[in-house]
Amino acid sequence: MSLPTFPFARPKGAEPPVEYAQLRAKEPVSQVQLFDGSIAWLVVKHKDIRSVLTDNRLSKERSRPGFPELSAGGKAAAKNKATFVDMDPPQHMQQRSMVEPLFTKAHIESMRPHIQQTVDTLLETIVKEGGSKPFDIVEKFALPVPSYIIYGILGVPFKDIAYLTNQAAIRSNGSATASEAGTANASLISYINNLVTLRAETLQDDLISLLVKTQLIPGHLTKDDVTSIAFLLLVAGNATMVSMIALGIVELLQHADQHALCVSQPDKWTRPFVEELCRFHTASALATKRVAKEDVVIGGKTIKKGDGIIAATQSGNRDEDVFPEPDVFDIRRKRGDEEALGFGWGEHRCVAEGLARAELEIVFASLWRKIPTLKLAIPFEEVKYSPPKKDVGISELPVVF
Ligand code: HEM
């Protein structure tokens, strides 16, 4: 019998592929065929996903034979110099810990005024320009917020932001060819490399300067390592943040009662809204992949050394054993200590989760305070989502107010 091909397609809009619910019920650990004909394991239950993502017998190293790549672009990118997202212990934590100080709770709190100011400035411009004619809120708001924040952290000069945003979009855009994606990737790396050279000449108050001072100069990292780490931070979260902001806007506008709660009591409802958004939509669902370094049993199935494994976090976030009525978006949902898996799990769990959540909270609390009358300028059925086999996202979103 032929195996289903993976990634599965979303049936419409932002709805997760139907195969996930079927597999959760019938075959929680199954096999799928990938674009190049290779075969990988697919794990779809919340508990099994957590066990995959905390099992040190499973590797994140993309250079290992059998590592599951999902596209030609991914296969080509796997040959690039590895960053800590693709490393195993002990190198992974050695490098991750170099950037962690920027993402501690205290540091994120100290960044809130800057994030707030960035968001306010963008929203004030939108309000000033007026909302009687449709405009694309992805271009004017969802896209610039996360880029401005991460580029600010890294120390990228403001004048270069448009160029970098464009290259980053080509690099991660599923419709670019492997060669276009490769060229964009190389130009981003070369840009960052130049920036490292500049900061090594004159230190400033930014992340690249910090890495130069604490790692490059004492000889813990090479210049290429510093470039790779800065590059990882540049590309890791941007597209995902844009998607989550746009998806959140649509979700709110689709649920007038929940929108009203958020507008009337932002202090009470912003956090539950962001929590539910990060459960309901999994905008980075294809990153949690591993390859077995030895034979491992998961959900009763033996995964052989060298087999690839995909932990379907998008499915875990809709697991009915953990989240009752999982396909309902409800900010009033009763929550205990169960956690959604959209930021991953285990040692590779998103290092910038606190920053991402802070950005989302500030984005939405400010959006409904400053533009409470925001509406879509098109019917919901006409919203342009990412291609059905790619991570869920929205490419443009015409709105009025
Ligand atoms: C809502 C927004 C975001 C989501 C949903 C998200 C999701 C994820 C996921 C699922 C992983 C785990 C990948 C794995 O296990 O291999 C991850 C890791 C990572 N994310 Fe995020 N992310 C977001 C925002 C960001 C931002 C804004 C940044 C950078 C400023 C970022 C930087 C990273 C890095 C560097 C890693 C690698 C961590 C490691 O391997 O130790 N993410 N993210």
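Assorted remarks:
- Ratio of Rg to Rh over region 18-400 (Cα coordinates, Kirkwood Rh, two decimals): 0.95
- P(r) weight above 20 Å for region 326-401, C-alpha pairs, percent: 57
- Taking every DSSP helix (H) stretch of at least 4 residues in the chain, weighting each as -39,500 (n - 2.57) and dividing the sum by the residue count yields a mean residue ellipticity at 222 nm of -14500 deg cm²/dmol.
- Kyte-Doolittle at least 1.0, axis length at least 20 Å by Cα - qualifying DSSP helices, the chain: 238-254
- Each part reduced to its alpha carbon centroid, region 306-370 and region 104-125 end up 22 Å apart.
- Whole-number percent relative contact order across region 18-400, with pairs defined as alpha carbons under 8 Å at least 6 apart: 28
- For region 280-339, relative contact order (Cα pairs under 8 Å, six or more residues apart, normalised by length) works out to 31 percent.
- Rh (Kirkwood; distinct C-alpha pairs) - region 32-99, Å: 13.5
- Calculated P(r) tail over 14 Å for region 66-146, as whole % of Cα pairs: 77
- Greater than 26 Å apart at Cα, pairs in 334/370; 334/384; 304/390; 60/389: 334/370; 334/384; 304/390
- For region 5-139, relative contact order (Cα pairs under 8 Å, six or more residues apart, normalised by length) works out to 13 percent.
Readers should treat all values here as calculations from the given coordinates under stated rules, not as data from a laboratory. All figures in this text were calculated on a predicted structure; none of them were measured in a lab.
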